[in-house]
1. Are any residues in segment 6-59 not in a helix (DSSP H, G or I) and not charged (D, E, K, R), and if so, which ones?
2. Tally the residues that are polar (S, T, N, Q) and surrounded by 15 or more Cβ atoms within 10 Å (Cβ to Cβ), restricting the search to segment 26-79.
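None of the figures in this text is laboratory data; all of them are computed from the coordinates on show. Just so it is clear, the model here is predicted, and its values are computed rather than measured. Heads up, the Cβs are rebuilt from the backbone with ideal geometry, glycines too, and the neighbour counts pull from every protein chain shown.
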Amino acid sequence: MGKAPDSFDKKTVIRAQIAVFGLSIIGIGAFGAFWILLGEAGIGDFVRLIAAFCMPPALIAAIIGAYKVLRSPGSEGKE
């Protein structure tokens, strides 16, 4: 219908893409690390697969949560 608002900021989109790329690399690396570590511990394949799939999203959520807490507007200079 009408034109979209002009609130599209190219720098913000590029920073978001870089952050998503970095988090995806962390997720892939965490999956591989958990898969290998759990295999070395002698855990069965099914449990190992489920754990290796579930741990990277939890790790990424913890990273994003920590970022949001540390970058919140009220966290600067308050004691």
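1. Narrowing segment 6-59 to residues not in a helix (DSSP H, G or I): 6-9, 41-44.
Listed by number, the residues that qualify are Ser7, Phe8, Ala41, Gly42, Ile43, Gly44.
2. 0
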